[in-house]
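Okay, structure first, notes after.
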Amino acid sequence: MDETTKSSLKAIPLCKTKAGPRDGDLWMERLKAKYEAIIAAVQNNKTSDRDWFKLEANERGTKWFGKCWYFHNMVKYEFDVEFDIPITYPVTAPEIALPELDGKTAKMYRGGKICLSEHFKPLWARNTPKFGIAHAFALGLGPWMAVEIPDLIEKGIIQPKA
Amino acid sequence: MTESDVAESIGDIVSRLNNALDDLETKKNQTPSVLKGPTVSQERPSAPYRQKIEKLSAEVVDSNPYSRLMALQRMGIVRDYEQIRDKTVAVVGVGGVGSVVAEMLTRCGIGKLILFDYDKVEIANMNRLFYQPNQAGLSKVEAARDTLIHVNPDVQIEVHNFNITTMDNFDVFVGRIRNGSLKSGKIDLVLSCVDNFEARMAVNMACNEENQIWMESGVSENAVSGHIQYIEPGKTACFACVPPLVVASNIDERTLKREGVCAASLPTTMAVVAGFLVMNTLKYLLNFGEVSHYVGYNALADFFPRESIKPNPSCDDRHCQIRQKEYEEKISSEPITLDIQAPEDEPIIHEENDWGIEVVDSDTTEAPSSSAATEVAPGLKFAYEPTQTPKKNSSDNLKLSPSQAVTKEWMENIRDALLEEDRLKKEQNKRK
């Protein structure tokens, strides 16, 4: 893990309640903590000029959607991002999906779910329930995009949106 | 109306339309497609090759699809095979393992199958069994049903094309465990044939909550090992009790680092695991043999460990702990009985015996003791004992180990030969 990732990770508050979407009030508590963590992460990204995603959720906090983007050679590549909170959360991590890249890279499961099994899932398993969505983005989606997007651009599979 | 008002109301209408579309999509996904079943089967008019059969017959004729299964009763393996018709099994995941499992159960004449999967058939799946290239693009559950109802029209097949790990779908899944049986009651067994940790944990969670017996199965990403596991909440370890078990596959760990996410798969390993899973299922449903708690398979060394795993008292799953307490209370209040009741040894009566063949008891005093020389691996035995050389002074040999006995016999032979030589020499001397 490089230093910038470490420092941005430290800035994300950890979640305290072990609660999944089927736990009623406890879930709402965790949801609140989660929003705070995401806001802190985004704020932290903005202050260090490394803002790279925005997210919102449905009322129950079970479906999340937004945008994430990546700069390559000073060109911005933006993608829709979405995921469901599985009922087994926080024991299992959310499966983050970039639907528009479905079928364009081998490092993806059906429906555009990015492959996290190698680099992120062991980390999540060791840190549950302290990790939340902000951590999944910083340690899961971030590194995935840093590896995959330049590769896809170089292969000419994706083009910047006009 | 100002321009901004118009823009606002347009925006409002657009968002309402989007919401309505989303609602429609989720409703469509939630509806169990058994409800819209007839439309699908009308699209593919494949008339069943036979009428439904009300009662299984043991009659041995070429046209009876159940004669070989009913023969299990005649062979003394299964007491009442026909009870399989009342059983309902849910198969979660109908990929490489699940589709074969569903086919095996269909051919065995199971009462009802409930299939769950949200994947589509792809050409990349053709290295496994069951699906055909012309089914590419169809949803796996629909494609499976089309094939299965044709194979055995007696089996009721209900399909659900969704991901069980999301909130709404999970509730439907739990509902089907509770009310999915032929009599709208609790189903008999859940079989997990999924390929990921999230879905296994979801099945585990549902079964712990519903106190539902289930079996887990898996094939490793390198395609050379697999396992099945029987999980009775509270009695045996649940999926969250211990870290996932794997069979050591004797492969250098470093070679497992793979490029991309494309897992390897072989039809062989998948079929072996499916076979184990369905065999264990039949033993459980029809009450014969011993239900295995865990069977592993290492294809490289053909190693099959068989274990039992106790539940973890500090399991993360709250419902697992509740079930463990219930189970402890249950066994402490019960008189101790053996889990598996050995069927009484009924004398086998042959209906006809024109040739008057009888089985004669071998002399029990002559029965060879299973000495170290004849013992084989645990769980294996000889169909008959290898023939033994007649012993001269069997009373002398009693206290000797087999190797000592062999040495003694050899020495005796040498002694006999020497004596014989001596005798011949003496005879020759006499002649002289």
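The values are calculated or read from the model by the stated rules, or taken from the named source; none is laboratory data. All values derive from a computational prediction rather than experimental measurement. Just the protein is used for accessible areas: all its heavy atoms, side chains included, with ligands, DNA and RNA removed. Shrake-Rupley method; radii C 1.70, N 1.55, O 1.52, S 1.80 Å.
Considering protein heavy atoms only and a 1.4 Å probe radius, which residues within the range A:69-89 exhibit an accessible-area decrease of no less than 40 Å² in the full assembly relative to the chain by itself?
Buried by 40 Å² or more upon assembly, which counts only protein chains, are A:Ile87, A:Thr88.
Send over a whole-number figure in Å² for the accessible area per residue of the range B:66-333, probe 1.4 Å.
Per residue, the range B:66-333 has an accessible area of 43 Å².
Rounded to the nearest 10 degrees, what's the angle between the helix A:142-154 long axis and the longest principal axis of chain A, both from Cα atoms, 0 to 90?
Between helix and principal axis, roughly 20 degrees.
Name the residues whose placed amide hydrogens come within less than 5 Å of the amide hydrogen of B:Val159, ignoring near sequence neighbours (fewer than 5 apart) on the same chain.
B:Ser33, B:Val34, B:Leu115
Accessible area lost on pairing A with B, both sides, 1.4 Å probe, Å² to nearest 100?
Rounded to the nearest hundred, the buried surface is 2100 Å².
Go through the range A:104-136 and flag every residue whose accessible area shrinks by 10 Å² or more with all protein chains in place compared to the isolated chain (probe 1.4 Å).
The answer is A:Ala106, A:Lys107, A:Tyr109, A:Arg110, A:Lys113, A:Cys115, A:Ser117, A:Glu118, A:Lys121 - residues whose exposure falls by at least 10 Å² when every protein chain is included.
How much accessible area per residue does the range A:13-149 have, in Å², with a 1.4 Å probe? List each step's numbers first, then the result.
Working: 6260 Å² over 137 residues.
Solvent-accessible surface per residue comes out at 46 Å².
I need the phi-derived Karplus couplings for the range B:3-20: 6.51 cos²θ - 1.76 cosθ + 1.60, θ = phi - 60°, integer Hz, Gly and Pro marked x.
These are the phi-based 3J(HN,Hα) values: 4, 5, 4, 4, 4, 5, 5, 5, x, 4, 4, 4, 5, 5, 4, 4, 4, 4 Hz.
Taking all protein chains in place and a 1.4 Å probe, what share, in percent, of the accessible surface of the range B:85-202 do carbon and sulfur account for? Mind showing how you got there, number by number?
On the way: 1900 of 3890 Å².
Result for the range B:85-202: 49 percent of the exposed heavy-atom area is carbon or sulfur.
Where the accessible area of the range A:10-62 is counted over protein heavy atoms with a 1.4 Å probe, how much of it, in %, is carbon and sulfur?
Carbon and sulfur: 52 percent of the exposed surface of the range A:10-62.
Amide H neighbours of B:Lys120 under 5 Å, counting only residues 5+ apart in sequence or on other chains, H built in-plane at 1.01 Å?
Amide H neighbours of B:Lys120, under 5 Å, 5+ apart: B:Lys140.
Using only the alpha-carbon atoms, how far is helix A:25-47 inclined from the longest principal axis of chain A? Give it as 0 to 90 degrees, nearest 10.
Around 40 degrees separate the two axes.
I need the phi-derived Karplus couplings for the range B:113-122: 6.51 cos²θ - 1.76 cosθ + 1.60, θ = phi - 60°, integer Hz, Gly and Pro marked x.
For the range B:113-122, the Karplus curve yields 10, 10, 9, 10, 5, 10, 9, 10, 6, 10 Hz.
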